[in-house]
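In what follows, a single structure is set out as structure tokens and then discussed.
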């Protein structure tokens, strides 16, 4: 077992590292595995044939799920290509709460001419038990001034939902990261902080621990730190490990200069 594993990103294969984490120690498992699209992550991790890919998915899921606490949750990023198979795999072990569609706000330019252009990612939200942790108030979306004014009648006075905002729906329209975005790193499938922070605030208690088996550019670690949660994760590519270290160090620098 790892002597000190909190707030660490281990530069190694998750299949080896996960086995060393203590069971029932993680509040939120946030997984963004290779999609099976042949992306270049500086290694061959995303270049498996279909059967091998699904077998690998089952392997890491078997290792990761025991690390969750009894009231823990899982978010997993997928595409339409493999989400049906992986969702079935997970539904045998957990309860599925939502299929979330991330609309990446891809501009209407060009694209395929023999099928519809794919412009979304699929996210599965799963929980282990009925008493899973979920803080809706932490992620409510404020109503705009016009909506509040339209609900200014006596009947709505003091309504908590009107003051605090509404529950995010299961379609999240958040732009993918472009070159001009300040948080953009040199990673082909980097996720926006806005999305990851929403998941963490909703499904990991303050001071809790988020596990990301495929850290990539380190967005989960950065989001956890910004949200007052601990993190642990794994990443195969040494260049990405260095990137994560730099991103985390920049948060410390910002805090000192604030």
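Within the bounds of segment 89-97, is there any residue that is in contact with a helix residue (DSSP H, G or I) (Cβ under 8 Å, 6 or more places away or on another chain), at pLDDT 95 or above, in a strand (DSSP E or B) and closer than 25 Å to residue 55 by Cα? Scanning segment 89-97 turns up at least one residue that is in contact with a helix residue (DSSP H, G or I) (Cβ under 8 Å, 6 or more places away or on another chain), at pLDDT 95 or above, in a strand (DSSP E or B) and closer than 25 Å to residue 55 by Cα. When residue 173 is tested against the conditions (1) out of contact with any strand residue (DSSP E or B) (no Cβ under 6 Å at 6 or more places or on another chain); (2) surrounded by fewer than 22 Cβ atoms within 10 Å (Cβ to Cβ), the lone failure is (1).
Would you check which residues across segment 235-246 are under 16 Å from residue 189 (Cβ atoms) and crowded, with 16+ Cβ neighbours inside 10 Å and list them? Of everything in segment 235-246, those that are under 16 Å from residue 189 (Cβ atoms) and crowded, with 16+ Cβ neighbours inside 10 Å turn out to be 235, 236, 237, 240, 243, 244.
The values are calculated or read from the model by the stated rules, or taken from the named source; none is laboratory data. Computed from a predicted model, the values in this text were never measured in an experiment. Neighbour counts are summed over all protein chains in view; Cβ atoms, including those assigned to glycine, are modelled from backbone coordinates with ideal geometry.
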